Number of protein chains: 2
Amino acid sequence: MKRKPSTEATGAWIRLMRVQSRVLAAVEQDLKKAGFPPLAWYDALLELSRAPSGELRPVELERQMLIPQYSTSRLIDRLVDEGLAVRRECKIDKRGQFIEITEAGRDLQKRMWAAYSAAIEKHIGSKLSDVDAAKLCALLDRLGCSCSQAQQLSAGEGASAR
Amino acid sequence: MKRKPSTEATGAWIRLMRVQSRVLAAVEQDLKKAGFPPLAWYDALLELSRAPSGELRPVELERQMLIPQYSTSRLIDRLVDEGLAVRRECKIDKRGQFIEITEAGRDLQKRMWAAYSAAIEKHIGSKLSDVDAAKLCALLDRLGCSCSQAQQLSAGEGASAR
DNA sequence: GACTATTCCATGCATCTGCATTTAATTCCG
DNA sequence: CGGAATTAAATGCAGATGCATGGAATAGTC
């Protein structure tokens, strides 16, 4: 129960931390330089745009994005402030609400995807063959336990987690 | 130059973000529950303890840990406040200083490694064979470009990046 | 030597985050 | 029904972070 990790396991840990940090920073940097907001905004807009009628309960969003409740609440504040989403009251449960993406929100999501996908290609795609990327996915899935849920790609997307 | 990433590359991106986030949170959580400070403290203490005479320039620390300058500065503040390190003036360059780890610092580093290594084993080692962990390392190295520098393990360690 | 550029580190300020708590509405259950 | 427990969302506050700037010392240039 208290076995020490092997050199390989420790190495994997270090690299997982370092590489993620580097790649994330690089991608965020690219987005920022293109004048876009943080990735978290993209993720939220994507989830909203994928939802049946372009709206979700904050709780749903929270579950999709794996971020704490208060974080979701404040992210929504910002999206609403920028006119990317609107709050709608929820008639069936007056505690709650619906968050609906606006046209401006959909538009931003699409424009961000152009820069975002280019960044992914630049920092991941160009460095790994598809076969190796798939191997990497498989190995990571063994650690993640459950990030493999859905997350299929249809028109243009990508998600993060933070 | 503007090619879209493959499904595999996008999948790898998503998993890299999600899995890292989960695993990091889990490990930090374990450390926290054991009553220890954040991982960044460990990393700094480790770097200091490894240094020839237990002291480093803030700039060195910054380079080792891959964190911004102001962040290093404040991390040092905290270590000093807690008596884990002391600032020493640098006679050869009066702009600078040396940060020296104290006995309390060395002690904390060692105690943290016990919990830290157990967490690595729990969240990585136990989920991946050594062979697979090595494969994961190799794939991640292709993305990271340069985290493979040194980082050998001698007595007990591990590093992160944030 | 005088002047400029660069390096090292700290810090003010605005924003962001985590944590705990609050308010309000809903559900559970005897 | 009526009160306890649960759930949805917001928020006050302390601490952390990013960014830009400041001051001090050194290095480079002519």
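The values are calculated or read from the model by the stated rules, or taken from the named source; none is laboratory data. Just so we're clear, the structure is a prediction, and the values are computed from it rather than from any experiment. Counting neighbours? That spans all protein chains shown, and the Cβs are built from the backbone with ideal geometry, glycine included. These accessible areas exclude ligands, DNA and RNA; they are computed on the full protein's heavy atoms, side chains included. Shrake-Rupley method; radii C 1.70, N 1.55, O 1.52, S 1.80 Å.
General observations
- Between B:R78 and A:A26, the C-beta separation translates, for a Förster distance of 30 Å, into a calculated FRET efficiency of about 0.60.
- For region A:1-52, the spread of Cα positions along each principal axis, largest first, Å: 46, 31, 12
- Per-residue average of Cβ from other chains inside 10 Å of B:110-121: 3
- For region A:1-121: rounded, prolate or oblate by the Cα gyration tensor [a/c cutoff 1.5]: oblate
- Point-charge dipole on Cβ atoms (K/R +1, D/E -1) for region A:20-144, about Cα centre, debye to 20: 140 debye
- Annotation note: trypsin sites (Lys or Arg not before Pro) in region B:1-71 located in DSSP loop regions with a Cβ neighbour count of at most 13 within 10 Å are B:K2, B:R3.
- Angle in degrees between helix A:103-123 and the longest Cα principal axis of chain A, rounded to the nearest 10: 10 degrees
- Largest mean-square fluctuation among A:D132, A:D107, A:D30, in a Gaussian network model of chain A whose springs join Cα atoms under 10 Å apart, belongs to A:D132.
- Formal net charge of residues neighbouring B:D132 (Cβ-Cβ distance under 11 Å; K, R +1; D, E -1): +2
- Peptide B:19-31 shows a mean partner chain C-beta count of 5 within 10 Å per residue C-beta.
- Largest first and in whole Å, the equivalent-ellipsoid semi-axes of the protein assembly as shown read 37, 23, 20, each the square root of five times a Cα gyration tensor eigenvalue.
- Relative contact order of chain A, pairs being alpha-carbon contacts under 8 Å that are 6 or more residues apart, as %: 27 percent
- Residue ranking by accessible heavy-atom surface, 1.4 Å probe, largest first, among B:K110, B:K127 comes out as B:K110, B:K127.
- Summarising the amide proton neighbourhood of B:I99: residues at separation of 5 or more, or on other chains, whose placed amide H is nearer than 5 Å comprise B:L56, B:R57, B:R88.
- Per-residue average of Cβ from other chains inside 10 Å of B:126-132: 5
- Chains A and B together, accessible area buried on both sides, 1.4 angstrom probe, square angstrom: 6400 Å²
- Taking the C-alpha atoms only, the angle from helix B:69-81 to the longest principal axis of chain B is near 50 degrees.
- Counting charges near B:H123 (Lys, Arg +1; Asp, Glu -1) among other residues having Cβ under 12 Å from its Cβ returns a value of +1.
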